[in-house]
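The structure appears right after this line, and notes come after that.
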Amino acid sequence: MQAFAIWVRQVVSHDAPFDRFNAGDDAAIDDSAQRGLEIFTGKGGCFACHFGPNFTDDGFHNVSSSALLDDGSRDDEGRYDVTGREADRGRFQTPTLRHVSRSSPYFHDGSRATLLDVLRHFNEGAASDPNHDPIVGRPLNLNDDDLLDLIAFLRSLRGESVVLWGPKSPLYTQAEVDDLQRNHLPR
């Protein structure tokens, strides 16, 4: 599992307009995306969880995306289902923002259809869950132009698609697979 995690972290498209802008090409992203970058790293607070080359802290946060039911439980308890720790109820892993404009629907359950829906959720405070992460929870007070600028920035994170190829030759011969099934697997 660790080898897989290391491999996945290396799968990054570095040819996004933002990457060219970050390397010094000021014309690589338009003024709207540049304003969105300022909001992202400033008053939007997005950079608290979305940073580094993959724009993720790989952490787990409760951003009130799994609504509480009348009895106080959630349809999906998130990280709690793995750890059993009360503090992990409703926490989900921070996704990468690379190619985010191509990955709808959003949140762990697909409950937000568009980037604007996601940004409105955070703009309103994302504090409907009493166990929400303290990083979120306060209204951001962004206006519609700010939200559109943020979307322009997020679209600048879309680069060339990364194509992953499997092995070029069989990992095992058919005889080895037959032997494994015959002699090593329970019946």
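Values in this text are rule-based calculations from the coordinates and carry no lab data. In this text the structure is predicted, and so the values were computed from the model without any measurement. Ideal geometry is used to build each Cβ from the backbone, glycine not excepted, and the neighbour counts take in all protein chains shown.
For the stretch 92-111, what are the residues that are under 21 Å from residue 39 (Cβ atoms), without any contact (Cβ under 8 Å) to a residue 40 or more places away in the chain and not aromatic (Phe, Trp, Tyr)?
Residues satisfying the conditions are 95, 103, 104.
Just to verify a result, which residue in the stretch 25-39, among those that are in a loop (DSSP other than H, G, I, E, B) and of a type in the set (A, V, I, L, M), is nearest to residue 155 (Cα to Cα)?
Restricting to residues being in a loop (DSSP other than H, G, I, E, B) and of a type in the set (A, V, I, L, M), the top hit is 29.
Taking the stretch 40-73, which residues are part of a loop (DSSP other than H, G, I, E, B), within 20 Å of residue 112 (Cα to Cα) and within 11 Å of the chain's Cα centre (by Cα)?
49, 50, 55, 56
Filter the stretch 12-24 down to residues that are assigned to a helix (DSSP H, G or I) and free of Cβ contacts under 8 Å to residues at least 40 places away in the same chain and give me whichever is surrounded by the most Cβ atoms within 10 Å (Cβ to Cβ).
20
Please determine whether any residue of the stretch 104-111 is of a type outside the set (A, V, I, L, M, F, W, C) and over 13 Å from the mean Cα position of the chain (by Cα).
yes
If only one of 59, 44 is under 29 Å from residue 20 (Cβ atoms) and surrounded by fewer than 15 Cβ atoms within 10 Å (Cβ to Cβ), which one is it? Working first, answer last.
On the way: 44 fails: surrounded by fewer than 15 Cβ atoms within 10 Å (Cβ to Cβ).
On inspection, the qualifying residue turns out to be 59.
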